[in-house]
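The values are calculated or read from the model by the stated rules, or taken from the named source; none is laboratory data. The structure presented is a predicted model; accordingly, all values stated were derived computationally and were not measured. Glycine gets a Cβ as well: all are built from the backbone with ideal geometry, and neighbour counts include every protein chain shown. Ligands, DNA and RNA are excluded from the accessible area calculation, which covers all protein heavy atoms including side chains. Shrake-Rupley method; radii C 1.70, N 1.55, O 1.52, S 1.80 Å.
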Amino acid sequence: MERLKKKKLRHARIKQGIRKKIRGTAERPRLTIYRSNTEIYAQIINDDLGLTLAAASSKLATEAKTPVEKAKVVGELIANNAIENNITQVVFDRNGYLYHGRVKALAEGAREKGLNF
C-alpha cells in the first residue's frame, strides 16, 4: 500500500513539473495522453480557452492486436482529426509517462500522419 502511494506521488510530481513548462495555445495546442493498463487516450487541447479540439482512443482501434499497435493507430487517428481541424503544430505532453513503448508509438504514429511537434 505504501509503495503504491509513493509511486502515485512520484508520478504526480513529474506530471506537475511537465505541466509547469508546457501550455497549449490557439496556434500550438497541447497533445496530451492518458495511459491506463488496457487503453490509451489522446486529446488536443487549447488551454487558453479550455477546449478539447480533437480526441481519439484505443477503443476505436479494433484492427490492432498488441497495445503498442493500438497506440500507433491512436496516434494516426488523432493526427487525422487534428488535420481535419486545421491543426498541424502541437506541443506534446507525455503526462508524466516515460517516452517509451506505447507513448513513443503514439507519437510516431501522429508524426507519420503529418502532425509536427
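Which pairs, out of K7/K104; K65/K113; K8/K72; K7/K70, put more than 23 Å between their alpha-carbon atoms?
Exceeds cut-off: K8/K72; K7/K70.
I need the semi-axes of the equivalent ellipsoid of the chain: take the C-alpha gyration tensor, multiply each eigenvalue by 5, square-root it, list largest first in whole angstrom.
23, 19, 11
Quick one: if you take sqrt(5λ) for each eigenvalue of the C-alpha gyration tensor of the range 72-117, what semi-axes come out, biggest first, whole angstrom?
18, 11, 8
What does the net charge come to around Q43 if you take all other residues with beta carbon closer than 12 Å to its beta carbon, with K and R at +1 and D and E at -1?
The answer is -1.
Round to the nearest 10 and report in Å² the accessible area of L4, as given by a 1.4 Å probe over the protein chains' heavy atoms.
100
Which order do you get for D48, D93 if you rank them by accessible area with a 1.4 Å probe, largest at the top?
The most accessible residue leads, giving D48, D93.
To the nearest 20 debye, what is the magnitude of the charge dipole of the chain about its Cα centre, counting +1 on the Cβ of each Lys and Arg and -1 on the Cβ of each Asp and Glu?
Here the chain has a charge dipole of around 980 debye.
Would you list the membrane-span-like helices of the chain, meaning whole DSSP H runs whose alpha-carbon atoms span at least 24 Å along their axis and whose mean Kyte-Doolittle value is at least 0.5?
For the chain, where a helix must reach 24 Å along its axis and average at least 0.5, there are no hits.
Expressed as a whole percentage, what fraction of the accessible surface of the chain belongs to carbon and sulfur atoms when a 1.4 Å probe is rolled over the protein heavy atoms?
51
Counting only heavy atoms of the protein chains, get the accessible area per residue of the chain (1.4 Å probe) and round it to a whole Å² value.
64
Would you mind estimating how fast the range 14-62 diffuses translationally, via Stokes-Einstein at 4 °C and 1.567 mPa s with the Kirkwood radius over Cα pairs, in µm²/s?
Translational diffusion coefficient: 110 µm²/s.
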